[in-house]
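Q: Below you'll find the structure I mean.
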Amino acid sequence: MRPAAGQVLHFSENPRITSFVPHVAVTAQQPEPYVWAVDAEQAPAYWFPRDCPRVLAWPGPRSTAADRRFLFDRRMHAIEYGWLPALQAVRLYAYRFDAAPFRPFGSPQPHAMVATAPVIPLGPAEPVGDLLALHEAAGIQFRLVANLWSVMDEIVASTLRFSGIRLRNAKPRK
């Protein structure tokens, strides 16, 4: 589930949203209100239940051969074993938007798209389907781990590119 050219997506567990109004998210690190969405490259980071903590890693232009081997030279997503039932049971939906009102957000590498005015989806919410099957079809390795922090610490110390999402919901560090 990725957006078509000229589109962005917003993923939600609520299939009945008709209008998206900029707001300051509870977890926001900035005071400006936004409508959040993602482009095709960032979409796989949201093939999860909303609150599921996850660590994502992928090779970058400066990644060493050893770090690339850690990932088998592909993108990797990791969650804790305890989140697997939620990942398998969640009904996730995607809303499509025209990309024109959105701009890249994040520096130095944009990780999201934001709009500062209300936006209306191009159509009804679309069921995303089997999230593990999406990962497999996209060639993303999916790892189940006992605790995300050991994986996160190893990746942070590497030359890989990475993201940690909803880590406040992960098990505590050992």
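Q: Test Ala133 against the criterion of being surrounded by 14 or more Cβ atoms within 10 Å (Cβ to Cβ), in a helix (DSSP H, G or I) and not basic (Lys, Arg), and give yes or no.
A: No, not satisfied.
Let's see how each residue does on (1) crowded, with 20+ Cβ neighbours inside 10 Å; (2) not in a helix (DSSP H, G or I):
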| position | (1), (2) |
| --- | --- |
| Pro3 | yes, yes |
| Asn14 | no, yes |
| Val26 | no, yes |
| Gln29 | no, yes |
| Val35 | yes, yes |
| Pro44 | yes, no |
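Q: Next question. Among residues belonging to the stretch 114-130 that are surrounded by fewer than 18 Cβ atoms within 10 Å (Cβ to Cβ) and among the β-branched types (Val, Ile, Thr), point out the one that is nearest to His23 (Cα to Cα).
A: Out of the qualifying residues, it is Thr116.
Q: Right, Asp98: modelled with pLDDT of 95 or more, acidic (Asp, Glu) and either over 17 Å from the mean Cα position of the chain (by Cα) or within 12 Å of Val55 (Cβ to Cβ) (or both) or not?
A: It is true that Asp98 is modelled with pLDDT of 95 or more, acidic (Asp, Glu) and either over 17 Å from the mean Cα position of the chain (by Cα) or within 12 Å of Val55 (Cβ to Cβ) (or both).
Q: If you check Glu80 against the conditions, is it among the acidic types (Asp, Glu), buried (at least 19 other Cβ atoms within 10 Å of the Cβ) and either out of contact with any Ser or Thr (no Cβ under 7 Å at 6 or more places or on another chain) or within 22 Å of Phe48 (Cα to Cα) (or both)?
A: yes
Q: Mind listing whichever residues of the stretch 46-67 are surrounded by fewer than 17 Cβ atoms within 10 Å (Cβ to Cβ) and more than 24 Å from Val21 (Cα to Cα)?
A: Gly60, Pro61, Arg62, Thr64, Ala65, Ala66
Q: Can you tell me which residue is surrounded by the fewest Cβ atoms within 10 Å (Cβ to Cβ) among those in the stretch 136-174 that are under 19 Å from Arg2 (Cα atoms) and out of contact with any strand residue (DSSP E or B) (no Cβ under 6 Å at 6 or more places or on another chain)?
A: Ranking the qualifying residues of the stretch 136-174, first place goes to Gly139.
Q: Mind checking whether some residue in the stretch 39-46 is aromatic (Phe, Trp, Tyr) and at pLDDT 95 or above?
A: Scanning the stretch 39-46 turns up at least one residue that is aromatic (Phe, Trp, Tyr) and at pLDDT 95 or above.
Q: Of all residues in the stretch 60-116, count the ones that are closer than 16 Å to Ala40 by Cβ, in a loop (DSSP other than H, G, I, E, B), touching an Asp or Glu at 6+ places or on another chain (Cβ under 9 Å) and not aliphatic (A, V, I, L, M).
A: So the count comes out to 2.
The values are calculated or read from the model by the stated rules, or taken from the named source; none is laboratory data. What you are looking at is a predicted structure, and each value in this text was computed from that prediction instead of being measured. Counting neighbours? That spans all protein chains shown, and the Cβs are built from the backbone with ideal geometry, glycine included.
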